[in-house]
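One structure is given here, and the rest of the page talks about it.
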Amino acid sequence: MDISKITRVDAAAAGIALLTFIFSFLKYYEVDVPGGDSWNAWASDWAPLTSALVLTPIIGAALYVLGSLLPHIQFAGLNLKQWGLPLSAIGALNAFWVLIGGPEGIDLAVGGIFLVLLAFLLAAVVITAEFVPALKAPLGIGGGAGRQPQQVGGYGQPGGAYGAPAQPGGYGAAPQPTPYGGAAPAAAPAGGDPSFQPYWFSVPDQRQLVDANTNAPTASLNPGVWYLAVANHGQGIMVEVDGVRGVLWNVTGIQKSA
């Protein structure tokens, strides 16, 4: 589990889930009369409320974040993030029904107001992230994976001349962290295009690398992570991930590093 894959929207979803849990212990409903009673979201009288407005958003946010950490886990053909997004949206729908269908003579208290707002906010954040790539940018924690590409021996800065040397660090200097996919090889692939300049890129959605000869899947590329293109390959590009090379045929919408 690589926490360096955590994105901005993941951090926001996790924070909203934590606040939802905290505010669930405050007064949710109250009777606005002298000596009136009050309840939080965990009261047994309001058990369906706990599932609808507390557990659904929390589970949705948890699945959404785990989708970045464990992208290969799938249920019914969907990864965890694809399950978390609709659950988060259902939480907002539940909040809407709470607003328009509360019990007669009982008012929302401060805890209820915050739970409703947080449910709407969670849905807005995860849905907006599907249309705003900046929200899926790496948060920049836990090492080099997912960060803006650093200089790597053999390639230099992304966009620089092929074969340019890395910045000297002196004997014994600590190695610099590198983006997900590992350090680039020191030489171009045999038979490659001599005019090709390696570059870093990220994908807008999860995409599959396949073997250049058998077309069998070799690895998956995930949004918010930088990968290194090492050569052209027909209409696609050759990519190296953890020492394994594969061809990415779908290059539509990829974001190249400046």
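No value in this document is a laboratory result; all are computed from the given coordinates. Quick caveat, the model's predicted, so the values are computed rather than measured. Using ideal geometry, Cβ is built from the backbone for each residue, glycine included, and neighbour counts are taken over all protein chains shown.
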_Segment residue 249-residue 127, length gained on full extension (0.36 nm per residue, minus Cα span)_ = 41.2 nm
*Any chance you could run the full-extension gain for residue 214 through residue 44? It's 0.36 nm times the residue separation minus the Cα-Cα distance, nm to one decimal.*
55.4 nm
*Which ³J(HN,Hα) values in Hz, rounded to whole numbers, follow from the phi angles of the range 42-55 under the Karplus curve 6.51 cos²θ - 1.76 cosθ + 1.60, where θ = phi - 60° and Gly and Pro get x?*
9, 4, 4, 5, 10, 4, x, 5, 4, 5, 6, 10, 10, 5
*Charged-residue dipole, Cβ positions (Lys, Arg, Asp, Glu), the range 3-136 about Cα centre, Debye nearest 20*: 760 debye
*asked:* Calculate the FRET efficiency for residue 76 and residue 232 from the Cβ-Cβ distance with a Förster distance of 30 Å, rounded to the nearest 0.05.
replied: 0.25
_Give the lysines whose C-alpha is closer than 16 Å to that of residue 136, dropping any in the same chain fewer than 8 places away, or say none._
5, 81, 256
*Under 14 Å from the Cβ of residue 204, count the other residues' Cβ atoms, weight Lys and Arg +1, Asp and Glu -1, and hand me the total.*
+2
*Reduced Cα scattering model of the range 199-256, Debye log10 I(q)/I(0), q = 0.17, 0.19 Å⁻¹*: -0.44, -0.56
*asked:* I need the fraction of alpha carbon pairs in the range 3-136 separated by more than 26 Å, rounded to a whole percent.
replied: 27 percent
